[in-house]
Amino acid sequence: MTEATRPRRVRADAERSTARILEAAVAVLAVDPNATLERIADAAGLARATVHRRFSSRRALLEAMTDQLNERYLLSMKQARVETAPPVVALHRLTERVFELKISHRFAIELAADPANRKPLLSREVLDGLDLLFTRLHAAGAITAGSPSWCRQVYLALLHEVDALPTGSPELGAATDPTEEVGARSDLLVSTVLGALGGTP
């Protein structure tokens, strides 16, 4: 191995270790909110010293989980084509992906939203993406509310409320499996948001 390739390999190994630690943290903390870094290291199949090198404290791990969540929110926006798809279609697609993310990373989201976390749950880039979507919805006549930041706050507040509905709630209709439930929650949220913002549900 040359001197030039050695640093690249070290960086790649570090990135793989970090990914394994974050994946293990999502799984372990979903079962035991008080799990230690040592337990997460065991679940990741890594030496405890490796985890402590990557994350000096539980807070540092939490902040890394928040960063990862924002990356996945941004990927969801890209997949929903927030900038180019018809805006109501993009709103539906994005909402489905957000509910899927909430199911697969529920505890990570709850941890990241904890007031003790120094970093906000949603990055400025994510918030700007949502604001762009609501600007496009207004320009297309799908809503009458003109302030994208207000629309985004309404969306996020209703997202929390719809997510909190227990399985089997009348508002979710006859959804019987996780896939149907994601669709039911998405449809309910989109129609409620459009109605609240002066559009056609």
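Helix 58-80 and the longest principal axis of the Cα set of the chain meet at an angle near 40°. Across segment 136-143, computed HN-Hα scalar couplings (Karplus, 6.51 cos²θ - 1.76 cosθ + 1.60, θ = phi - 60°) run 5, 4, 5, 4, 7, x, 6, 9 Hz from first to last residue, x flagging Gly and Pro. Lys/Arg Cβ at +1, Asp/Glu Cβ at -1, dipole of the chain taken about the Cα centre: which of VAL190, PRO170, TYR73 is farthest positive-ward? Going by the charge dipole, the pick is TYR73.
With semi-axes √(5λ) of the Cα gyration tensor in Å defined as stated, name the option among (1) 24, 22, 15; (2) 36, 20, 15; (3) 36, 17, 16 computed from the structure displayed. Recomputing semi-axes √(5λ) of the Cα gyration tensor in Å here picks out (2).
Summarised in one figure, the compactness ratio Rg/Rh of segment 26-93, Cα atoms and Kirkwood Rh, is 1.20. A 1.4 Å probe run over the protein chains yields, for the chain, 54 Å² of accessible area per residue, whole-number rounding. Ligands, DNA and RNA left out, the 1.4 Å accessible surface of the chain is 56% carbon and sulfur atoms. Computed on the chain, with alpha-carbon pairs under 8 angstrom and 6+ residues apart, the relative contact order is 17 percent.
Applying the Karplus relation 6.51 cos²θ - 1.76 cosθ + 1.60 with θ = phi - 60° to segment 145-157 yields 3J(HN,Hα) values of 5, x, 9, x, 5, 5, 4, 4, 5, 4, 4, 5, 5 Hz, where x marks Gly and Pro. For segment 20-27, 3J(HN,Hα) computed residue by residue from phi via the Karplus equation (6.51, -1.76, 1.60; θ = phi - 60°) reads 5, 5, 5, 4, 5, 4, 4, 6 Hz, glycine and proline entered as x.
The values are calculated or read from the model by the stated rules, or taken from the named source; none is laboratory data. What you see is a predicted model; the values in this text were computed from it and never measured. Cβ coordinates were reconstructed from backbone atoms using ideal geometry, including for glycine residues, and neighbour counts include every protein chain displayed. For the accessible areas, the whole protein counts, side chains as well, though only heavy atoms, and no ligand, DNA or RNA atoms are used. Shrake-Rupley method; radii C 1.70, N 1.55, O 1.52, S 1.80 Å.
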